[in-house]
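Okay, structure first, notes after.
The values are calculated or read from the model by the stated rules, or taken from the named source; none is laboratory data. None of the values given here were measured: they were computed from a predicted structure. Virtual Cβ from ideal backbone geometry, glycine too; neighbours counted across all protein chains shown.
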């Protein structure tokens, strides 16, 4: 079991440097936990959560004169279980290291452990989108972003767009929102709300949604950002997305620089996080050695409970 002891830090203890100007302990600022800007988050005391679907009714049919009306029935949908996983990390410091830490550099190690825990949780949760076209599945058993989502009433539906983020692919995604149906094939009125992008797309997302004119068309030049086209003959082309109500969200934990997602409002998010145990530190002192022990544990379950209202853009 690893224990931090003075011989491992010779520059500060036994072989202390004579003229220490600064001890660089890399106290960088870290991103605050932000998955709750996109995921619905709840606390739970259960070891797993389950979701299931229940359809509405199908379309009406013509009733011929004198004939009986057609009776329909609601149908069982798809289900899935989301199990809690416990995560943990910790450290030990010798009695001697704590007692003769004249620089006080080992007194705030718990805060650094908390930073590590926050980043670990973010990476776990954002894997839902990072793996959305491969291993992350919805209750129908296929990938969150797929060309063949199953409808409980029969048939399939695609919520996947192929191509890097640009005006054309975003238009394709908006068209999918217009075509979204429920499990009985009825059109639903889900509206797009949040464009979710990795840092590499932050500038282009801002241009797409905020420019008064189409990005760069007024100058007739190409910006160099993927998907922006020169269009010198369209100097007066307005940007139809500027007042569309769309916002964008950037997460540094999105690992594929070619992928992006268009989701409905936060209230309609199909993405879920269940805290089984919020990050909780614990401390103890070993009776025999005097070593101080600190650990931090948390428990999470996470996933997508449906693929609506979400469209994924899978780039090259």
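What to note about this one:
- When we screen 123, 112 for residues that are loosely packed, with under 15 Cβ neighbours inside 10 Å, within 38 Å of the chain's Cα centre (by Cα) and either at pLDDT below 95 or part of a loop (DSSP other than H, G, I, E, B) (or both), the only hit is 112.
- Residue 98 under 30 Å from residue 290 (Cα atoms) and part of a loop (DSSP other than H, G, I, E, B): no
- Among the conditions (1) at pLDDT below 95; (2) closer than 14 Å to residue 37 by Cα; (3) surrounded by 18 or more Cβ atoms within 10 Å (Cβ to Cβ), the only one that residue 271 does not satisfy is (1).
- Of all residues in segment 12-46, exactly one satisfies the criterion of being surrounded by fewer than 11 Cβ atoms within 10 Å (Cβ to Cβ), modelled with pLDDT of 95 or more and either part of a loop (DSSP other than H, G, I, E, B) or touching a helix residue (DSSP H, G or I) at 6+ places or on another chain (Cβ under 6 Å) (or both), namely 45.
- Residues in segment 47-72 that are assigned to a loop (DSSP other than H, G, I, E, B) and under 36 Å from the mean Cα position of the chain (by Cα): 47, 55, 56, 57, 58, 59.
- Matching residues, segment 160-193, being in a helix (DSSP H, G or I) and surrounded by 15 or more Cβ atoms within 10 Å (Cβ to Cβ): 167, 169, 170, 172, 173, 174, 176, 177
- Qualifying residue in segment 215-229 (condition: at pLDDT 50 or above, under 31 Å from the mean Cα position of the chain (by Cα) and surrounded by 13 or more Cβ atoms within 10 Å (Cβ to Cβ)): yes
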